[in-house]
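Following: one structure in structure tokens, then a few remarks.
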Amino acid sequence: MKVRIYTGIIVGMLLVALSGCKTSKTVLQDGQSTESQLKSEKEDINYLRKISDNYQYANNITAKMKFSAGMDGQSIGLSGSLKMQRDNVIQISLVALGIIEAARMEFTPEYAMIIDRIHKRYVKEKYDNIDFLKSNGLDFYSLQALFWDELFCPGVNKIGEGNLTAFSLSHADKSPKITLKESVKPQTGIMKSTVFDWTTDKDNSKITSVAIQYTDEQKATSHLTWGYSSFKMLSKRLFPMQHDIDIKTPHLNIKANITLNDADNDNDWETRTNLSGKYTKVTVEEIFKSLGQ
């Protein structure tokens, strides 16, 4: 069923998103601080500052949404809505036949929840209680940065001036690339083998894509790319109306597209979903088991 396919796609996205790092300042060794190095470093920080400061500063973003995705030769296409309140909640509602809410996702700093409206069941857990989220260090603020088109250092709530030295810059004419430095990542097996890259547009100082790649001990790779396009002005800042998501793992291949329209900064909506007693709480493992039926 479409809801079953949808749930699998969402869970697959979560499985691939990797995080968990600490920030630190880069310290040059004595004798390394040449005039040219300092000039280059200053220019890099100035560009990183432009990217970091060019965020959507409105607290709320709401938009109608068209969602399409394909996985394992099957595809879905649904309408719906995206509602976000900075540092508080991300809500995604998917509607079948234009009138029936089939599924909802809700992410807050405290929990992640997936609701299957058709079968009256839901998953709601703290991030630390979901094994694949805990093992990958995934938290609300990493997800928020992906949806809001911003730099992030997993484990850090907000990238500010003091965090910019956690990134390095590779210059290009129009599309400079930003990379999370190896030296600031925790020395865990997962983080040692994970690369975080952002591609940017020099003309408008916006991120156009983020790529996260993990390579395991057997040299198998898991890759997430999240692309941004169709930028439109929202609260006097550019915001991407199209999000293209590509996930590849040794066992999963997902392509998804989110197209937004009628974007606004409406704040008149419920930021928490309350479920009736008709809904049954299930585990992530039960969701996985049902996907194969």
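What's the total number of residues in the range 102-122 that are under 13 Å from R272 (Cβ atoms) and among the β-branched types (V, I, T)? Matching residues across the range 102-122 total 2. For the range 244-282, which residues satisfy the criterion of being of a type in the set (V, I, T) and part of a strand (DSSP E or B)? Those that are of a type in the set (V, I, T) and part of a strand (DSSP E or B): I245, I247, T249, I254, I258, T259, T280. The set of residues in the range 43-64 being assigned to a helix (DSSP H, G or I) and in contact with a Gly (Cβ under 9 Å, 6 or more places away or on another chain) consists of S52 alone. Considering the range 121-240, the qualifying helices (runs of 4 or more DSSP H), each wholly inside and each with 2 or more residues that are modelled with pLDDT of 80 or more, among the small types (G, A, S) and surrounded by 14 or more Cβ atoms within 10 Å (Cβ to Cβ), run over 140-148. Do the conditions hold for A256, that is, is it at pLDDT 95 or above and either under 28 Å from K120 (Cβ atoms) or not basic (K, R) (or both)? Considered against the rule, which asks whether it is at pLDDT 95 or above and either under 28 Å from K120 (Cβ atoms) or not basic (K, R) (or both), A256 comes out as no.
Considered as a group, the residues in the range 57-101 that are buried (at least 18 other Cβ atoms within 10 Å of the Cβ), of a type in the set (G, A, S) and farther than 16 Å from P240 by Cα include one that is modelled with the lowest pLDDT, and that residue is A96.
Between S40, S24, the distinction of being modelled with pLDDT under 85, of a type in the set (G, A, S) and outside any loop (DSSP other than H, G, I, E, B) belongs to S40 only.
Taking the range 242-258 as the range and being more than 16 Å from I90 (Cα to Cα) and buried (at least 18 other Cβ atoms within 10 Å of the Cβ) as the test, the residues that pass are I245, I247, I254, A256.
The values are calculated or read from the model by the stated rules, or taken from the named source; none is laboratory data. Everything quoted here is computed from the prediction, not taken from an experiment. As a convention, Cβ positions derive from the backbone with ideal geometry for all residues, glycine included, and neighbour counts pool all protein chains shown.
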